[in-house]
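Data block below; observations after.
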Amino acid sequence: MRFSEAFIYTSKEAPSDATLPSHIYLVRGGFIQGIGAGLYNFLPLGKKVLDKIRAIVKDELDKASAQEVDLAFVTPSELWKESGRFEKYGKELLRFKDRKDAEFVLGPTHEEMMVNMVRQYVKSYKQLPINLYQIKYKFRDEIRPRFGLMRGREFLMKDGYSFHKDEADMIENGFNKMEKTYSNIFTRLGLDFRVVEADSGAIGGNGSKEFMALADSGEDTIVVCKGCDYGANIEAAKRVPKTEPIYPEGEEVEMNYGKFHTPNVKTIDELSSFFHIDKYYTVKAVAKKALYDNNIEKVVLFFIRGCDELEETKATNAVNANELIDVSEDELIDLGLIPGFIGLEGLPKDILAVVDSELKGADKLIIGSNEKDYHTIGFQLPDYGDFYRDLIKVQEGDKCPNCQNELYYTKGIEIGHIFQLGTRYSEPLKAEFLDENGKSRPFVMGTYGIGVSRLLAAIIEQHHDDKGCIWTKATAPFDLEIIVSNIKKEDELKIADELYNNLKSKGIDTLLDDRKERFGFKMKDFELIGIPYAVIVGKKITDGMVEIVDRKTLEKEEVTLDSAVDRVLELIK
RNA sequence: CGGAGUGUAGCGCAGUCUGGUAGCGCACCUGGUUUGGGACCAGGGGGUCGAAGGUUCGAGUCCUUUCACUCCGACCA
């Protein structure tokens, strides 16, 4: 491609709302154009990168014997009603009506559609397993789209679905196989990523793992281990239960059961300094209002150690709620609770309490007495049976559940997510097959997603400098750029042109910068766009030399004109 | 949805308080000079000032309504 003829327009200025490098450079470099909240046009450069990423995704999936399909973007709402998600999915689902007043949705994900398709053809266990996928635009009416391609409303996603006769096959031939395949894909794309344990969220199912590209700008906090490869989203992270702080010999904490007058001691900080004791020994009650379908609300008390914090996703799952919201002190008082002094003993009857698993069997605790200005010390937890749940947010410095080493936080961009779905969709949608015994059974499913357009952003988050993008060889919009220093010098232009034609004939996708601009201007554009290498045809040709610039290191290497092609081929291999 | 803010040329912004000829930088067009790190000079084109209504002799500016967008939060396969 000749730059002078290309639809490539770079800019010195970034959009005023852009904060992330990926957003700034992708817009400035002429890869994408923002046209509305969370909506982007892909310009030729961006489209080329997108297609390259897409090809890698497809290649690896096809190797894993998944088959590509393409389902309708506009989907009839009936299927969504059948699965119960038409109402449940909420406002993210864009709904509309056609001229006949029939309801439709723009697909935000395609479980329903895919199950519907498969159930019409697959009737026997002999036809299983099946793994189908598509790479298609999705639309989710996000509350607050931001960060460029990172959180758009319309975005390109690869969504895959596998169908199996049983759980074991789903795990082996679906879930585990896809985990391997995804790792191959992200490795080929040159990403630094981690596979972490995740919350299954609204999609449902048992096990799920996320693929996180490590980046400070990531929206997710992930917990990783210094000693082993354990990693988990903070929403699902586990730890070795906290143990008693170590006190010097003879100063161990001892408590006798009893009520203690603690006037105006309401917070955990006040409590721990009042008793001169580590927060480990205190118990706090975190009150939330749980929201359920049909506008049902319920106040829930979550009891955790004073040194811990409530992890909201875990808490939401613990009570099977759709959402947790804050509850006011007045509301608590109306229910007969005394904020600051809430405990487990003597709670009003109809209050739901959930206790953190780590408190099971714990003793030597200080907890509210459900009585104004009183705390109970030396409290020991009775057997609450089913009320124990994992509720706490793992903290930096906690111990790894696998190897006991220290855990720490890092930030990640969610680029892939794989789920063991089970029969969550096949059952309500009555997608069934006959097993070996002629018995009808729902498909056991897995579902697998990759944010393809988000990958562009993730790659730039990991591969950029203060001058612009640094594409990897596998994802660059062109293999090579040739910069003509001054097109008015006929020999420069001629040599560059020959070089360009030569490389083109060898299958090298080359961008020839033959614009009527000064050298510095072209270099800046080269650096901004981030093609891996450039050949500079300039003043050194009088000595029969050209230069090759490495975008990553910005180092220049002089080679003779004759050896230039071979050297380039060697580099971009 | 809660809080804050912004809509003026393709992009980034000033002008609005205090009403009186629509501005700047980048980009674009013409001519010339320049040519190894985002050149310079001269000339030029481009705007129903987000929309609707109102006040006024006169509205980008004041008032009312409305729409859109952005930021923080909440939210989020």
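The values are calculated or read from the model by the stated rules, or taken from the named source; none is laboratory data. If you're wondering where the values come from, they're calculated on a predicted model, not measured in any experiment. Here Cβ is always computed from backbone atoms with ideal geometry, including for glycine, and neighbour counts include all displayed protein chains.
When the test is whether a residue is at pLDDT 90 or above, under 27 Å from residue A:414 (Cβ atoms) and in contact with a strand residue (DSSP E or B) (Cβ under 7 Å, 6 or more places away or on another chain), residue A:138 passes it. Just checking, which of A:304, A:333, A:338, A:296 is away from RNA strand B (no atom under 16 Å from the Cβ) and over 30 Å from residue A:372 (Cβ atoms)? Among A:304, A:333, A:338, A:296, only A:296 is away from RNA strand B (no atom under 16 Å from the Cβ) and over 30 Å from residue A:372 (Cβ atoms).
Restricting A:388, A:374, A:425 to those that are within 16 Å of RNA strand B (Cβ to nearest atom), among the aromatic types (Phe, Trp, Tyr) and either over 30 Å from residue A:54 (Cα atoms) or not assigned by TED's automatic domain parsing to the domain that holds residue A:319 (or both) reduces the list to A:425.
Taking (1) in contact with a Pro (Cβ under 9 Å, 6 or more places away or on another chain); (2) part of a helix (DSSP H, G or I) in turn, residue A:118 satisfies each apart from (1). Which is crowded, with 16+ Cβ neighbours inside 10 Å, of a type in the set (Phe, Trp, Tyr), in the same structural domain as residue A:161 (by TED's automatic domain parsing) and more than 26 Å from the chain's Cα centre (by Cα), of A:89, A:125, A:121? Of the residues listed, the single one that is crowded, with 16+ Cβ neighbours inside 10 Å, of a type in the set (Phe, Trp, Tyr), in the same structural domain as residue A:161 (by TED's automatic domain parsing) and more than 26 Å from the chain's Cα centre (by Cα) is A:125. Each residue in the range A:458-486 was checked for being more than 12 Å from RNA strand B (Cβ to nearest atom), farther than 27 Å from residue A:421 by Cβ and not in a strand (DSSP E or B), and 15 pass. The strands (runs of 3 or more DSSP E) found wholly in the range A:487-573 and carrying at least 1 residues that are farther than 30 Å from residue A:23 by Cβ, more than 11 Å from RNA strand B (Cβ to nearest atom) and not basic (Lys, Arg) occupy A:556-560. Is there a residue in the range A:5-19 that is within 16 Å of RNA strand B (Cβ to nearest atom), touching a helix residue (DSSP H, G or I) at 6+ places or on another chain (Cβ under 8 Å) and assigned to a strand (DSSP E or B)? No, that holds for no residue. Within the set A:34, A:46, A:30, the sole residue that is touching a residue at least 12 places away in the same chain (Cβ under 8 Å), crowded, with 20+ Cβ neighbours inside 10 Å and within 13 Å of RNA strand B (Cβ to nearest atom) turns out to be A:30. Only one of the listed residues (A:47, A:12) is of a type in the set (Lys, Arg) and under 27 Å from residue A:140 (Cβ atoms). That residue is A:47. Against the list (1) in a loop (DSSP other than H, G, I, E, B); (2) surrounded by 22 or more Cβ atoms within 10 Å (Cβ to Cβ); (3) among the β-branched types (Val, Ile, Thr), the condition residue A:143 fails is (2).
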